[in-house]
Structure formats: structure tokens, C-alpha cells
1. State which residue pairs qualify: first residue within 15 Å of E377 (Cα to Cα) and outside any loop (DSSP other than H, G, I, E, B) and inside segment 3-19, second residue modelled with pLDDT of 85 or more and among the polar types (S, T, N, Q) in any location, beta carbons under 9 Å apart, and separation of 6 or more residues or different chains.
2. Output the number of residues of segment 44-75 satisfying the condition of being surrounded by fewer than 18 Cβ atoms within 10 Å (Cβ to Cβ) and more than 30 Å from K281 (Cα to Cα).
3. Criterion first (farther than 27 Å from Q274 by Cβ, more than 13 Å from the ligand (Cβ to nearest atom) and not in a helix (DSSP H, G or I)) does A177 satisfy it?
4. Looking at (1) surrounded by fewer than 17 Cβ atoms within 10 Å (Cβ to Cβ); (2) within 16 Å of the ligand (Cβ to nearest atom); (3) part of a helix (DSSP H, G or I), which is the only condition Q117 fails?
5. Looking at segment 174-200, which of its residues are surrounded by fewer than 17 Cβ atoms within 10 Å (Cβ to Cβ) and either within 22 Å of I122 (Cβ to Cβ) or over 21 Å from the mean Cα position of the chain (by Cα) (or both)?
6. With respect to the numbered conditions (1) touching a strand residue (DSSP E or B) at 6+ places or on another chain (Cβ under 8 Å); (2) without any contact (Cβ under 8 Å) to a residue 60 or more places away in the chain, which one is the sole condition not fulfilled by V206?
7. Give me the pairs: first residue in segment 302-313 and free of Cβ contacts under 8 Å to residues at least 40 places away in the same chain and in the same structural domain as G363 (by TED's automatic domain parsing), second residue of a type in the set (V, I, T) and away from the ligand (no atom under 11 Å from the Cβ), beta-carbon distance under 9 Å, and six or more apart or on different chains, which are they?
8. With the requirement that a residue be surrounded by fewer than 23 Cβ atoms within 10 Å (Cβ to Cβ) and out of contact with any Leu (no Cβ under 8 Å at 6 or more places or on another chain), what does segment 356-366 give you?
Amino acid sequence: MLFNNNQQESIKALDTPFYYYDLDLLDQTLSQAKTAADKRGFHVHYALKANFNDRLLGLIQSKGFGADCVSGNEVQKSIDLGFSADKITFAGVGKSDKEIITALKHNIFAFNVESIQEMEVINELAGQLGVTANVSLRINPNVDAHTHHYITTGLDENKFGVPTSELEKAASVIRQAPHVNLIGLHFHVGSQITDMNVFKSLCVKVNEWKNWFEERGTTIQVLNVGGGLGVDYQQPDENPIPDFEAYFAIFDKFLERQPHQEVHFELGRALVAQCGALVSKVLYTKSGVKKNFLVLDAGMTELMRPALYQAYHKIEKVGGESNNTTLNYDVVGPICESSDCFGKEVPLPESQRGDLIAIRTAGAYGEVMASRYNLREEIRYAFKQNEEITVG
Ligand code: LLP
């Protein structure tokens, strides 16, 4: 259960819908991740794309994480919030010249480069600014992440990274580019990965391509293995924190790194998903011919994952007097799209207009993917810190 009795009272007074972030849980999650990474000398850059809410980012920065960015604005925001430039990486398959220039001016740690042409553009822009850019080459390793096909990124048919068949050419372009300095290799095979064997297979590929470069006399300083560690959407209360120890142990065991080589990670979801929930009010209860509907005041505009990926999020009623009757509801939003549905046939205590509903594990790819479709209102927040709930 998300809230104790006292907290339920404060929550009831708030305007819905809102994102609720448990910063105490975030703090514990970050500490566990940091401890497990630090003891192996691993570096973790937080993938801002999962959630760039200022309060969350502030905490993440204060714990010593780096920032993995995918736009010039994310780079700028990381700088503004105090991430040091030498802990900022810039990834993404379509960086604009303007964004590249922003990152070059801030002298960030490295660009994760996704194509030979991008490498040439960075070289040219760095030359114009009179600087040298550190780059890691993103290799598409053709590893199947066994996750939803929309969030699989490391297969030959995906747009990401340089295919291994082009590495020879990429290596030669880099050698002839005076304003880029190849420091590392970058991999990322997908998101919400729960099968640890995927990471083992990734390690095998990383070793293979690292050796390939070293055999050709190129020193590789950084092995960046991306992110992708999944969380338990089914049981957020039982498993609020992913098993970072087991995750990092795999890379510790299977990556063949030299003493001088750093291992970098770009975790997003695993750090922030469980600390967030979308809290919404029941506007209407409705019995259709075949279904019972709960019509909420939140919809796909606030949390798009169910509509976009058929993603499962646990849905629960927040406190309130409930009789013992459980009904199966289709929990839907107010948007004029049939995909605007958070869950079908969800067993919930019989509910009425005004009841609060929490949609769990919404801290990652929730708020950041919200839209104003239908001219919906701006997202609101509440935060729990030191057991107290405040409105953001
Ligand atoms: N690094 C790269 C290069 C990425 O593309 C991503 C995520 C990450 C790191 C962070 O991955 P994570 O640790 O969060 O799995 N909107 C989708 C997820 C898209 C992930 C995109 N890339 C969702 O809601 O499931």
C-alpha cells in the first residue's frame, strides 16, 4: 500500500491527477545502486530521459551519479542542476548541430556516437570551436533483449549504433579525424530487461568488440554497457528496489576489462520507476453492457505507457471506506481514444465517484512522456520526503 492513514488524509486534499514521488524510496534505491557500483569501481550515469523532474534530479546529483543525456536541453539541465561536465554523456541517434555545439561548449565527458556521419559532423564542429571531443562509438551488437519490440534497440533492424560490418570504416574515419578522440565503446540493447542472461550475452559481445579494437592498436578507456535493468511492475511493494548487486555482479564477472578500463552504465528506469505513482480520482463509475468502467481524471496524456506499449501498471484504490465487494473494472481515462485505458478487468474494491486510485511504478517514462493532447492541464506533483508529504 502506498500511503498510511495519515498520509491518505493529506493526499485526499490535493487536486488530482498528480504524480506522487516517494523521495525516501528514491534515496534508498540510489544508495543501494551506488554502493553496489562503487564497490566494483563502476560509474553510473543516470539516464535523464526516464525522468527529469528537478526534485528527483537534485537528489540523484547529490548522490554522485553522472548524467546520461539525449538532447541539448538535457545537457543544459544537467549543468544547471549541478552535475559536473566531466560526468555528462550525450547519446542519441539524431543530435542536431546546435545540440552538439551546446555539449562541446560545456566540455562534457563524451559523446556516444551513433554513425560515421555523426562522427564527421562532431569532428567538424569541434574543429570550428577549437576543441577536441571525446567520443564513444555506439556499436549495434545484435543482441536480443527479449523485451517489448518498441524498446529493443540492439538488433540489426534497429536504427541505433554502428553495425559491426561498418566498424572497419568507422575506425579509419576516427583515425583521420583530428578533433575527435575515441575513448570508449558504447552498447545499449534495450529497456525493462528482466532476464539477466541478456546482460551476460551483452558482456560476450562487449569483450569481442573491445578485443577487435585492441588488436588494431586502439586503446579503449571506457566500456559503456548502457542501461536497461528492469523493475517489478507486478509487485511494487514486495520488490521496491531492483537487485543492483546481482546486476553489477554479472558485469564484474563476465566483462574482461583491463585495470585501466572504466565500466560505465546508463540506468534510468531501475533508479526511478518504483518511487513514482500517478494518483487520480474516479470521475464516474459506469456499467456498460459487458463491462464495469472506472473513468478517471488521469489518462494517456499523463501516463502513456499502457496505451503505447500495452504496459502493465499495478492499479490500486487508495484507502477510503470499501465494502468487501470486489468488481472487475476497465480503468479508463477521459481522452477520446479507445487506447486510453490503464487496465482491463482489474479487480478492485467496489468504487465510487471521488475515490482515489493509484497507478504504481510510474516514476520512469511517465511524467516525461506526458502530453497536452486535448489541452490537458499541466502535470501536478506531490513528494514524500522524511515521511512528510508536500506539494511540489
Ligand atoms: N541508454 C540508452 C542509449 C537508452 O536508449 C536508454 C533508454 C537508456 C540508456 C536507459 O534505459 P533504462 O535503464 O531506463 O532501461 N519509454 C520506454 C522506454 C524507452 C527507453 C529508451 N532508451 C518505456 O516507457 O518503457
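1. Partner pairs satisfying both residue conditions: F18/S280; Y19/N53.
2. The qualifying residues number 4.
3. On the way: farther than 27 Å from Q274 by Cβ: yes; more than 13 Å from the ligand (Cβ to nearest atom): yes; not in a helix (DSSP H, G or I): yes.
Yes, satisfied.
4. Failing condition for Q117: (2).
5. Going residue by residue through segment 174-200, those that are surrounded by fewer than 17 Cβ atoms within 10 Å (Cβ to Cβ) are 175-176, 178, 181, 194-197, 200.
Once the filter is applied, which keeps residues that are surrounded by fewer than 17 Cβ atoms within 10 Å (Cβ to Cβ) and either within 22 Å of I122 (Cβ to Cβ) or over 21 Å from the mean Cα position of the chain (by Cα) (or both), segment 174-200 yields R175, Q176, P178, N181.
6. For V206, the exception is condition (2).
7. P306/I359; A307/I335
8. Selection gives nothing.
The values are calculated or read from the model by the stated rules, or taken from the named source; none is laboratory data. Everything quoted here is computed from the prediction, not taken from an experiment. Every residue, glycine among them, receives a Cβ derived from its backbone with ideal geometry; neighbour counts consider all protein chains shown.
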